[in-house]
Amino acid sequence: MICIRLATSFVVALVAVVSPAQAADREQQRSQYRRALEAVARESGDAWKRHAIDLADYPLLPYVELGVLERGKTPPSTTAVEAFLARWPDSLVARNLREKTLRRLANAGDWATFRRLWQDSGSLELKCAWQRARIDAGEKPDYAQDIAALWMQPRATPALCEPLFAWARTSGGLTDAEVWARIEAAAAAANPETVAMIGTRLDAPGKAAADRVAATVRDPASVLANAAAWPDTPRNRDALSFGFMRLARRDSATAETRWAALGAKFQWDPAQKYRILNAIAVYRSTGYEDDALARLKALPIEAADDASREWHVRVALATGDWNETLAALEAMSEAQRADARWRYLRARMLDKLGRKDEAGALFAEVAREANFHGFLAADWIGADYSICADVFAADRNTEKRLLAQPDLARAFEFHALGQLDNARREWDFAMTKLEPADRRLAADIAYRKDWYDRAVFLLSASPTTQRHYEQRFPLAMKPHVTREARSAGIDPAWSYAIIRAESAWMTDARSHADAYGLMQLLPSVAKEVAQRAQLPYHKPGDLFDPAYNVQLGTRFLAQMAGQYSGSPWLASAAYNAGSAPVKRWLAARGGLEPDFFIETIPYKETREYVARVLAFSVIYDWRLNASVVPLAARLPKIGQPYQSPKHDAQRKRVSCAVADRLP
């Protein structure tokens, strides 16, 4: 293994003799960087140096040096690690090496060296290890200040934390009350294995009680079916209440039956009883069961929460009871009533009940917002859409400074190389060091470098930056997207909206459901679409090609729309949730008006997805055409045929209201 000092001294010498003006051009450096990495991996000794001769000012040089440091079968010496940390201070690559070394030292129990290398970390296991190092040095951490936050995790904690918790238990800080607080948090998060693990810290009766909680969360139907013989203790009642919450989510009818059998057999405290009644009422509502509205109305005020209040509105709306819907809206919390969704629905109820003046005033207020409900409100009163756009002021000096910032330079270089995971890691690290104004400008630079997702995520995160529509809604690949959309017979604005909602322009996006690329296509779907369109399909990784993904994705969108008489809003729902759930919802509530139907979609993700896609369609229509097809025109009634807007479609103006709010 080469000592890092040799590598470092070599590079320092390069810096002394190679000025930026003399450095090779960037493409040449990239080629040399790749060859240097290959030499580090495949060749011995100093062979890599001949490829690094022009890399002195190359942003990714520390990754070459790290490869030199870590090659070989044994970990680098602490001396070599410290030399590297000194060479690349306050860099991501140094932080990662430091934390990797700290984990190794903690596992070896080398607390003296651990303390010497320690820097505060966001890692839970290293925070635990730091407290253990303090204990080894004779210090006594304070439980409330130093350990409580590490302990109170709803999921299993790292192995490095367990000795710390054992110390806290024996030293008296980690009391039975603290153990049960975490058991309850884990039970509420439906983590039975964590509950059982935590319970091992209790005495035998306590462990048995914790095991009952774990069993109830793991298999609530079986446990609740046999719980009538349980002793009526506070811990048992807690276990059963968590079981009812879990069972209500899975099978509200069975939960209701079990409650009828057990409700009078135990002396429930108010918190336990309200927890159960709320869960049964809410999950009866998500299935729109016949007794849902009665259960919601019967909930004690103390048992209600934001979820139950929202579902009260939806269930009443689904029944067409406008008075009950309005009453449910007015019973919402102050924070809920401020949301555009519920203000819009309140205006709709007022209109339904003939209170036109009140409805009009509320529609006008909501219409100032650039979101789904704001656009709908504007359509109801015939107002322009309110979209206020900001532009970045040119600041060449600040931009030059940011481009020279080492972490950001590494992020942009990784992006140029197509190493997007590394690029995002360096970007996130760089953002922690920048002031808000610099982060905003960095997002604009990323946008101009075609790294769209960084701009989308950063500028969408804060109300102070959401007016940067050009960066938040990029018209990337415009000729290709518009051509493929029109070829498939769908609106390009809708295609753009799906891309933006699905991936935020992350070309390498891959979901937990194994959907790929810009339009998040499942491989099985992509293969079927390709076969129907007589296009080639080889492997899922091909879907990371943006042009190919859009080509298949637009065709799949057209297929989905064809199942729903062309309706883009129903097709969007099916694109997100699948056709089978949409079929069930249509069978149950197909007579509702489109905006009411969308609000009664049982799946939160799909409900919000449809609203988001439709709002994005309006914004992209404006970006493409300066005026927009009204959102109401994109919401055909269920069963009504719909065609993509033609060039002569009726359009409406976009202006900037003074008090606009954004999505």
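The values are calculated or read from the model by the stated rules, or taken from the named source; none is laboratory data. Source: prediction; values computed, not measured. Here Cβ is always computed from backbone atoms with ideal geometry, including for glycine, and neighbour counts include all displayed protein chains.
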Exercise for the section: Return yes when residue 415 is out of contact with any His (no Cβ under 6 Å at 6 or more places or on another chain), in contact (Cβ under 8 Å) with a residue 12 or more places away in the chain and over 20 Å from residue 508 (Cβ atoms) and no when it is not. Expected result: no
Practice task
Answer yes if at least one residue in region 385-396 is farther than 30 Å from residue 31 by Cα, out of contact with any Lys or Arg (no Cβ under 8 Å at 6 or more places or on another chain), without any contact (Cβ under 8 Å) to a residue 40 or more places away in the chain and surrounded by fewer than 16 Cβ atoms within 10 Å (Cβ to Cβ), and no otherwise.
Solution key: yes
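Residues are listed down the side, and each one gets a yes or a no for (1) touching a Ser or Thr at 6+ places or on another chain (Cβ under 9 Å); (2) in contact (Cβ under 8 Å) with a residue 12 or more places away in the chain; (3) not hydroxyl-bearing (Ser, Thr, Tyr):
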{"residue": "607", "(1), (2), (3)": "yes, no, yes"}
{"residue": "610", "(1), (2), (3)": "yes, yes, yes"}
{"residue": "615", "(1), (2), (3)": "no, yes, yes"}
{"residue": "625", "(1), (2), (3)": "no, yes, yes"}
{"residue": "630", "(1), (2), (3)": "no, yes, yes"}
{"residue": "633", "(1), (2), (3)": "no, yes, yes"}
{"residue": "643", "(1), (2), (3)": "no, yes, yes"}
{"residue": "653", "(1), (2), (3)": "yes, yes, yes"}
{"residue": "657", "(1), (2), (3)": "yes, yes, yes"}
Exercise for the section: Inspect region 417-428 for any residue being under 30 Å from residue 561 (Cβ atoms), out of contact with any Gly (no Cβ under 6 Å at 6 or more places or on another chain) and in a helix (DSSP H, G or I) and give the result as yes or no. Expected result: no
Exercise for the section: Could you grab the pairs with beta carbons closer than 7 Å, sequence gap of 6+ or different chains, first residue in region 219-233 and assigned by TED's automatic domain parsing to the domain that holds residue 245, second one among the acidic types (Asp, Glu)? Expected result: 221/251
Fill in the blank from the handout: Taking region 316-352 and the residues there that are assigned to a loop (DSSP other than H, G, I, E, B) and of a type in the set (Asp, Glu), the one that is farthest from residue 298 (Cα to Cα) would be 339
Exercise for the section: Say whether the condition of being at positive phi, assigned to a loop (DSSP other than H, G, I, E, B) and not assigned by TED's automatic domain parsing to the domain that holds residue 572 is met by at least one residue in region 456-470. Expected result: no
Completion exercise
Picking from 190, 214, 185, the residue that is at positive phi and either aliphatic (A, V, I, L, M) or in contact with a helix residue (DSSP H, G or I) (Cβ under 6 Å, 6 or more places away or on another chain) (or both) would be 190
Completion exercise
Selection from region 397-414 of residues of a type in the set (D, E, K, R) and surrounded by fewer than 15 Cβ atoms within 10 Å (Cβ to Cβ) yields 400, 401
Problem - Pairs with Cβ under 6 Å, 6+ apart, first in region 464-483 and under 24 Å from residue 657 (Cβ atoms), second among the acidic types (Asp, Glu) and not in a helix (DSSP H, G or I) - result: 467/390; 468/390
Exercise for the section: Tell me which of these residue 177 doesn't satisfy, since it passes every other one: (1) outside any helix (DSSP H, G or I); (2) free of Cβ contacts under 8 Å to residues at least 12 places away in the same chain. Expected result: (1)
Handout entry: Which listed residue, of 273, 265, is assigned to a helix (DSSP H, G or I), free of Cβ contacts under 8 Å to residues at least 40 places away in the same chain and either touching a strand residue (DSSP E or B) at 6+ places or on another chain (Cβ under 8 Å) or not hydrophobic (A, V, I, L, M, F, W, C) (or both)
Key = 273
Practice task
Check 253, 281 and return the single one that is assigned by TED's automatic domain parsing to the domain that holds residue 223, crowded, with 23+ Cβ neighbours inside 10 Å and part of a helix (DSSP H, G or I).
Solution key: 281
Problem - Filtered residue count, region 346-368, keeping only those that are surrounded by fewer than 23 Cβ atoms within 10 Å (Cβ to Cβ) and in contact (Cβ under 8 Å) with a residue 40 or more places away in the chain - result: 1
Fill in the blank from the handout: Selection from region 505-545 of residues hydrophobic (A, V, I, L, M, F, W, C) and in a helix (DSSP H, G or I) yields 525, 526, 529, 530, 543, 544
Practice task
Name every residue in region 560-580 that is within 14 Å of residue 519 (Cα to Cα) and not aliphatic (A, V, I, L, M), in order of residue number.
Solution key: 572, 575, 576
Handout entry: Unmet requirement for residue 207, which otherwise passes all of (1) crowded, with 17+ Cβ neighbours inside 10 Å; (2) touching a helix residue (DSSP H, G or I) at 6+ places or on another chain (Cβ under 7 Å)
Key = (1)
Practice task
Find the residue count for region 595-644, including only residues that are under 30 Å from residue 249 (Cα atoms) and either under 20 Å from the mean Cα position of the chain (by Cα) or of a type outside the set (D, E, K, R) (or both).
Solution key: 19
Practice task
Among what's in region 523-534 and is modelled with pLDDT of 95 or more and of a type in the set (A, V, I, L, M), pick the residue that is surrounded by the most Cβ atoms within 10 Å (Cβ to Cβ).
Solution key: 526
Practice task
Select, from 158, 89, 163, 154, the only residue that is surrounded by fewer than 19 Cβ atoms within 10 Å (Cβ to Cβ) and without any contact (Cβ under 8 Å) to a residue 12 or more places away in the chain.
Solution key: 89
Completion exercise
Those residues of region 364-384 which are under 17 Å from residue 612 (Cβ atoms) and either assigned to a loop (DSSP other than H, G, I, E, B) or among the basic types (Lys, Arg) (or both) amount to 370, 371
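Results for (1) of a type in the set (S, T, N, Q); (2) surrounded by fewer than 16 Cβ atoms within 10 Å (Cβ to Cβ), shown as yes or no for each residue.
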| position | (1), (2) |
| --- | --- |
| 108 | no, yes |
| 114 | no, no |
| 145 | yes, yes |
| 183 | no, no |
| 189 | no, yes |
| 195 | no, no |
Fill in the blank from the handout: Counting only residues in region 2-42 that are in a loop (DSSP other than H, G, I, E, B) and either at pLDDT below 85 or within 37 Å of the chain's Cα centre (by Cα) (or both), the one nearest to residue 416 (Cα to Cα) is identified as 24
